[in-house]
Amino acid sequence: METLQEIFNKQRKALFFLATLFILGWIFTDWKTIFAGLLLGSFFGLYNFWILVRKMGKVEQKFSEGKHSLSLGTALRFASGVAAAAIATTMPEYFDLIGTVIGFAIPYILLLVERIIYHARHQ
C-alpha cells in the first residue's frame with residue numbers, strides 16, 4: 001500500500017500535467033476565463049490536498065506518541081475554498097467561477113480515479 005505522501009506526489013505530477021493543458025487552452029482558445037478558472041481552482045485544490053496530507057502525518061505521529069492534537073486543517077481547507085471563490089467573483093474578467101469550482105474538485109477526482117486504477121491492478 002502506498003503512503004499518503006506517495007499518493008500526493010502522484011497527484012502533484014498529474015495536476016501539473018493538467019495545468020500545462022489548461023495553460024495551452026488559455027493561450028490557444030477564446031475561453032481564457034474558463035481555463036484560468038480551472039487553473040486557479042486546481043491549484044487551490046492541490047493546496048487543500050497538501051494541507052490534508054500534512055495534517056494526517058502530524059495526527060499519525062501524535063497518535064503513535066499517545067497524544068491528542070487539535071488542528072485547524074478543516075478551517076484552512078474551507079478558507080482556501082472561500083478564497084478561490086472570492087478571487088473568481090472579484091475578478092470575473094479573468095476567472096470563471098464555475099471553472100474555478102470545477103478546478104477545485106479536480107484533485108479529488110484525480111484521487112478517486114487513481115485509487116480505482118490502483119485497486120484494479122492489485123486485486
Inside the stretch 36-53, the number of residues satisfying the requirement of being under 11 Å from T100 (Cβ atoms) and either crowded, with 21+ Cβ neighbours inside 10 Å or more than 19 Å from the chain's Cα centre (by Cα) (or both) is 9
For A86: the one exception among (1) part of a helix (DSSP H, G or I); (2) modelled with pLDDT under 95: (2)
Check I106 against each of (1) closer than 15 Å to T33 by Cα; (2) surrounded by 17 or more Cβ atoms within 10 Å (Cβ to Cβ); (3) β-branched (V, I, T); (4) touching a Gly at 6+ places or on another chain (Cβ under 9 Å) and name the one condition it does not meet. (1)
For the structure I just gave you, tell me whether L112 is of a type in the set (A, V, I, L, M, F, W, C), outside any helix (DSSP H, G or I) and within 22 Å of L52 (Cα to Cα). no
Being surrounded by fewer than 12 Cβ atoms within 10 Å (Cβ to Cβ), polar (S, T, N, Q) and out of contact with any Leu (no Cβ under 9 Å at 6 or more places or on another chain) is the filter here; which residues of the stretch 70-96 pass it? T74, T90
How many of the residues in the stretch 58-69 are in a helix (DSSP H, G or I) and either surrounded by 11 or more Cβ atoms within 10 Å (Cβ to Cβ) or at positive phi (or both)? 6
Lone unmet requirement of (1) in a helix (DSSP H, G or I); (2) farther than 15 Å from R12 by Cα for L40: (2)
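The values are calculated or read from the model by the stated rules, or taken from the named source; none is laboratory data. Just so it is clear, the model here is predicted, and its values are computed rather than measured. Heads up, the Cβs are rebuilt from the backbone with ideal geometry, glycines too, and the neighbour counts pull from every protein chain shown.
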